[in-house]
Amino acid sequence: MPFPRQGQRRLLEAECVIRAWYKKTMQRVPVTTPNGDYDVVIDSGGLERAAEYIGPIVGDRRIFIVADEQAWRHQGARLEQGLGGLDWTRLSYPGGEERKRLAEVERLCDQMFAAGADRSACVIAFGGGIAGDVGGFVAASYMRGVDVIQVPTTLLAQVDAAVGGKTGVNLAEGKNLIGAFHQPRLVLMDPLTLRTLPDREYRAGLFEVVKHGIIRSRSLFDSMTNERDRILARDAELLEAIISESVAIKAAVVARDEKEGGLRRILNYGHTLGHALEAETGYRRLLHGEAVGFGMIAAAFLAESLDMISTEQREALERTIVSYGPIPLLEGIKPENLVARISGDKKTIGGKIHFVLPVEIGKVEVIRDPNLNLVADAARKALDLSWTSAKESPQPVVST
Ligand SMILES: NC(=O)c1ccc[n+]([C@@H]2O[C@H](COP(=O)([O-])OP(=O)(O)OC[C@H]3O[C@@H](n4cnc5c(N)ncnc54)[C@H](O)[C@@H]3O)[C@@H](O)[C@H]2O)c1
Ligand SMILES: [Zn+2]
């Protein structure tokens, strides 16, 4: 490693103090894991200042950018300007869930090799969670591992995918079945990138922010409830605040449980039934965040039926989630099919069904193997909610 991590961190810390003095809104969240410490910088306008953050880490090493085409078209010029005199090359990658495959990883590694990349290369993964997962996996694999810097440009990638070190690609049989843990050296988030994000993608990311509030922070949940209009208007200052609080929650969880044992599980609130719904609709009707919105409401109904949460708290939680909808129409979905999918997963994994249930806003508990009739009832109640409407229902997601 040409730059000692400790030295780099001190430099960045000093830099952040000075910058925060000039510009009150810049945020920095340190992440500590057994496999490396790094900073998540949340800075509106940070793309134009990219070299200030990235330069101390890469020095005169070569940078290879894995960017999805659409993110690059909208935001690439800003990064290009910000990288200034650093030595960088952009690799060709189209993006899209159907191109999140090993064949693309090989193609990207081929391009790096042809361009003369050696072990000192540094990858920048630029785009949504797909570019992050693919770019991260390229970095984890190329010459047995080179550095990666994550520059997420969707809300979902900023509050979830870019932090925690999970990277990987899909198999025809399922999502994220090949991958590696590879922690980044830095994560640089610029909330201004979200200005060009399609509205539906943006709102899907907001469901994951609400999730962070429900699992760990009443104050984040209150901001999501009380500041909805400013958040939907993509107010940069407010976005810096809610993104950094979300990142701090994920960082705290990941620091204590890097690889999905106990605590990391709480990040899966809303995901058990959410994943079942995504699978049941063939990954075509809902965005991931929308399915999580549904799953969170259903899990709260389950918690209520087990007397774990008061009706008043469940309704408050539901109101806020619904306020970030609509989600696509869920007509024709059978609760028992969702339950069958969850039981099917259980058999494949050979383990137990875990449900993350809210006990109050800001606090969750994990239960194992709940009564499946109660799960089906909870799913039915969430399906019956009128937060989807034919008039507003978003179009199917046309990918995979
Ligand atoms: N590694 C993890 O821990 C983790 C966690 C959650 C999700 N994921 C993965 O993340 C992926 C989903 O990520 P996503 O929701 O960000 O999807 P995505 O990467 O497909 O991005 C969504 C869309 O927005 C476009 N886009 C990106 N930035 C833009 C911008 N600033 N302006 C305009 N358009 C922009 C993209 O081109 C794409 O069309 C899934 O593959 C999922 O498995 C990984
Ligand atoms: Zn998720």
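The values are calculated or read from the model by the stated rules, or taken from the named source; none is laboratory data. Note that this is a predicted model, so its numbers are computed, not measured. In this analysis, Cβ positions are derived from the backbone assuming ideal geometry, glycine residues included, and neighbour counts consider all displayed protein chains. Side chains included, ligands, DNA and RNA excluded: accessible areas come from the protein's heavy atoms. Shrake-Rupley method; radii C 1.70, N 1.55, O 1.52, S 1.80 Å.
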Item to complete: Keeping all protein chains in position, work out how much accessible area residue 74 exposes to a 1.4 Å probe, and write it in Å² to the nearest 10.
Response: 90
Item to complete: Hand me the trypsin sites (Lys or Arg not before Pro) from the stretch 26-120 located in a DSSP loop with no more than 11 other Cβ atoms within 10 Å, in residue order please.
Response: 119
Worksheet item: For helix 372-384, what angle does its Cα long axis make with the longest principal axis of the chain, in degrees from 0 to 90 and rounded to 10?
Response: 80
Worksheet item: Rounded, prolate or oblate: which one fits the stretch 199-384, using the alpha carbon gyration tensor with axes a ≥ b ≥ c (rounded when a/c is under 1.5, else prolate when a/b beats b/c, else oblate)?
Response: prolate
Discussion item. Placing unit charges on C-beta atoms (Lys and Arg positive, Asp and Glu negative, everything else neutral), compute the dipole magnitude of the chain about its Cα centre in debye, rounded to 20.
Written reply: 540
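State the extension gain, in nm to one decimal, for the chain segment bounded by residue 195 and residue 236, taking 0.36 nm per residue of separation less the distance between their alpha-carbons.
Working: separation 41, 0.36 × 41 = 14.76 nm, distance 0.92 nm.
Going from the current span to full extension adds 13.8 nm.
Considering only protein heavy atoms and a 1.4 Å probe, what is the carbon-and-sulfur percentage of the accessible area of the stretch 318-381? Could you put the intermediate results ahead of the total?
Working: 1570 of 3250 Å².
About 48 percent, which is the carbon plus sulfur part of the accessible surface.
Using only helices, what value at 222 nm comes out for the chain when you add -39,500 (n - 2.57) per DSSP H run of length 4 or more and divide by the total residues, to the nearest 500 deg cm²/dmol?
Working: 14 runs with 190 residues, N = 400.
Computed ellipticity for the chain at 222 nm equals -15000 deg cm²/dmol.
Select from the stretch 25-71 those GluC sites (Glu not before Pro) which occupy a DSSP coil region and have at most 10 other Cβ atoms within 10 Å, ordered by residue number. Write down the numbers at each step before the final one.
On the way: sites: 48, 52, 69; in loops: 48.
Within the stretch 25-71, no GluC sites (Glu not before Pro) qualify (loop, at most 10 other Cβ atoms within 10 Å).
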Discussion item. Cut-off 20 Å, label point 7 angstrom out along Cα-to-Cβ of residue 371: give me the residues of the stretch 296-319 whose amide nitrogen falls inside.
Written reply: 298-311
Discussion item. For the stretch 286-373, take N as its residue count and report Rg(C-alpha) divided by 2.2 N^0.38 Å.
Written reply: 1.13
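I want to verify the translational diffusion coefficient of the chain in µm²/s; compute it with Stokes-Einstein, Rh as the Kirkwood radius over Cα pairs, at 37 °C and 0.692 mPa s. Numbers along the way, then the final one.
Values: Rh = 21.5 Å.
In µm²/s, the coefficient is 153.
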Worksheet, complete the sentence: If one compares the long axis through the Cα atoms of helix 102-114 with the longest principal axis of the Cα atoms of the chain, the angle in degrees, nearest 10, works out at 10
Response to the item:
One finds, for residue 228 and residue 360 with R0 = 22 angstrom and r their Cβ-Cβ distance, a FRET efficiency to the nearest 0.05 of 0.55
Practice prompt. Calculate, for the chain, the solvent-accessible area per residue in square angstrom, rolling a 1.4 angstrom probe over the heavy atoms of the protein chains.
Written response: 41
Worksheet item: Projected onto the charge dipole of the chain (+1 at Lys/Arg Cβ, -1 at Asp/Glu Cβ, origin at the Cα centre), which of 57, 93, 233 gives the Cα projection farthest towards the positive end?
Response: 57
Worksheet item: On the accessible surface of the stretch 5-196, probed at 1.4 Å, how many percent belong to carbon and sulfur atoms?
Response: 52
Practice prompt. Could you work out how far helix 5-22 tilts from the main Cα principal axis of the chain, as a 0 to 90 degree angle to the nearest 10?
Written response: 80
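Report in % the part of the accessible area of the stretch 240-295 that belongs to carbon and sulfur, leaving out ligands and nucleic acids; probe 1.4 Å. Each step should come with its number before you reach the end.
Working: 820 of 1650 Å².
On the stretch 240-295, the fraction of accessible area on carbon and sulfur atoms equals 50 percent.
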Response to the item:
For residue 88, the residues 5 or more places away or on another chain with a placed amide H closer than 5 Å to its own amide H are 63
Worksheet item: If you take the beta carbon distance between residue 312 and residue 384 as r and set R0 to 25 Å, what does 1/(1 + (r/R0)^6) give as a FRET efficiency, to the nearest 0.05?
Response: 0.80
Fill in: Chain lengthening between residue 218 and residue 337 when straightened (0.36 nm per residue, less Cα-Cα)
39.5 nm
Worksheet item: Once the piece of chain linking residue 144 and residue 252 is laid out straight, how much longer is it, given 0.36 nm per residue of separation minus the C-alpha distance between them?
Response: 36.1 nm
Fill in: Given charges at Cβ of Lys, Arg, Asp, Glu: the chain dipole, positive-most of 206, 194, 27
27
Practice prompt. Using θ = phi - 60° and the Karplus relation 6.51 cos²θ - 1.76 cosθ + 1.60, list the HN-Hα couplings for the stretch 319-334 in order, rounded to whole Hz, with x at every Gly or Pro.
Written response: 4, 5, 4, 4, 5, 9, x, x, 10, x, 4, 10, 4, x, 7, 9
Fill in: Antiparallel DSSP beta bridges within the chain, percent to nearest 5
45
Worksheet item: Which entries in the list 100/211; 100/166; 166/250; 352/381 go over 18 Å, if you measure between the two C-alpha atoms of each?
Response: 100/211; 352/381
